[in-house]
Amino acid sequence: MSVLLEIQRVSKRYDAPGEQKVTVLQDIDLSISEGEFVAILGPSGSGKSTLLRIIAGLVKSTSGTVSYLGRPIEGANPGVSMVFQSFALFPWLTVLQNVELGLRYKDMTAAEKRNKALQVIDMIGLDGFEGAYPRELSGGMRQRVGLGRALVMEPDILLMDEPFSALDVLTAENLRRDLLELWLDKKIPTKSIIMVTHGIEEAVYMADRAVVLSRDPATVIADIRITLPHWRERKDEAFTKLVDRI
Ligand code: ADP
Ligand code: MG
């Protein structure tokens, strides 16, 4: 398996003026290969969001390097795109325009961008809602737009920061299942996924590997391969029964 992302001895300390310095991440080593769906777990405040932002190049580490395809990144990481917990959509733009935003720096004609965005909108189950504004959509649909905006870039690595935590239980479950199906059927244009989550169950259901961060010191305390062959089927069955009752 080829390595897409290499995180070497990454540390992060936030230096707020007048406040105590806080070391959020300490000497994190992590290597992500093609084909992996990795869940990052850890207590609140352990630095999970910070780590994702450093991987994306949105936050600079205090020391250490993040390499994409063997090259240390400077600034934004060209190999990733991100899905945010709170969707981060532009309320004054339609679904289509929000998704097209993911293509703003691509060397494509307007028509090509539109076609690509429409394909992705269809893939994520929002066919017919191209002209809708975020306020007209449910939380689950808004997060589908967030996912579409990230996927339209066809990133090698999709980063997701607690993507389901703002959704109600059933909506979250629906979106998890749809995303997992797309991933397992190799329908989404991405080679690997890194998902930050609070939920051990969510990690076990979706990912093939779980990386656990601790607090004080903020290091990797476990890196586990998840192999529970019948788990997904059992869970799908249980979910279908639950939905039938509602
Ligand atoms: P997690 O996502 O695991 O909950 P975060 O990465 O959001 O953790 O935050 C880790 C710690 O770093 C927390 O104590 C938080 O208060 C602190 N922190 C996060 N962002 C900043 C920032 N921009 N400035 C100062 N401290 C921050
Ligand atoms: Mg967080």
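The values are calculated or read from the model by the stated rules, or taken from the named source; none is laboratory data. Computed from a predicted model, the values in this text were never measured in an experiment. Ideal geometry is used to build each Cβ from the backbone, glycine not excepted, and the neighbour counts take in all protein chains shown.
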Point to revise | Of all residues making up the range 45-73, the number that are in contact (Cβ under 8 Å) with a residue 12 or more places away in the chain and in a loop (DSSP other than H, G, I, E, B) | key: 11
**Study point:** Residue in the range 56-67 that is surrounded by fewer than 18 Cβ atoms within 10 Å (Cβ to Cβ), of a type in the set (Lys, Arg) and within 15 Å of ligand 1 (Cβ to nearest atom) present
**Key:** yes
Exercise for review: Among what's in the range 189-211 and is part of a loop (DSSP other than H, G, I, E, B) and out of contact with any Asp or Glu (no Cβ under 7 Å at 6 or more places or on another chain), pick the residue that is surrounded by the fewest Cβ atoms within 10 Å (Cβ to Cβ).
Suggested key: Gly199
Practice item. Could you tell me whether the range 6-27 includes any residue that is more than 10 Å from ligand 1 (Cβ to nearest atom) and closer than 15 Å to Ile193 by Cβ? Key: no
Review point. Do we find a residue being part of a helix (DSSP H, G or I), under 12 Å from the mean Cα position of the chain (by Cα) and among the small types (Gly, Ala, Ser) anywhere in the range 130-141?
Key: no
Check your understanding: What single numbered condition from (1) in contact with a strand residue (DSSP E or B) (Cβ under 7 Å, 6 or more places away or on another chain); (2) at positive phi; (3) more than 16 Å from ligand 2 (Cβ to nearest atom) fails to hold for Ile73?
Key -> (2)
Review point. Does Glu112 satisfy the condition of being of a type outside the set (S, T, N, Q), away from ligand 1 (no atom under 16 Å from the Cβ), loosely packed, with under 13 Cβ neighbours inside 10 Å and at pLDDT below 95?
Key: no
Review point. In the range 39-52, is there at least one residue being more than 16 Å from ligand 1 (Cβ to nearest atom), touching a Leu at 6+ places or on another chain (Cβ under 7 Å) and small (Gly, Ala, Ser)?
Key: no
Revision key, fill the gap. Condition set on the phi < 0 side of the Ramachandran plot and surrounded by fewer than 16 Cβ atoms within 10 Å (Cβ to Cβ), scope the range 159-188, selection nearest to ligand 1 (Cβ to nearest atom): answer is Ser165
Check your understanding: If the Cβ limit is 8 Å and pairs must be 6+ apart or interchain, which residue in the range 157-174 that is in contact (Cβ under 8 Å) with a residue 40 or more places away in the chain pairs with which residue that is within 16 Å of ligand 2 (Cβ to nearest atom) and aromatic (Phe, Trp, Tyr)?
Key -> Asp161/Phe84; Pro163/Phe84; Ala166/Phe87
Review point. Yes or no: Glu201 more than 16 Å from ligand 2 (Cβ to nearest atom) and in contact with a Lys or Arg (Cβ under 9 Å, 6 or more places away or on another chain)?
Key: yes
Practice item. Quick one: Glu202 ticks every box in (1) in contact (Cβ under 8 Å) with a residue 60 or more places away in the chain; (2) more than 18 Å from Phe239 (Cβ to Cβ) except a single one, so which number is it? Key: (2)
Revision key, fill the gap. Of (1) farther than 23 Å from Thr94 by Cα; (2) assigned to a helix (DSSP H, G or I), Ile221 satisfies every one except (2)
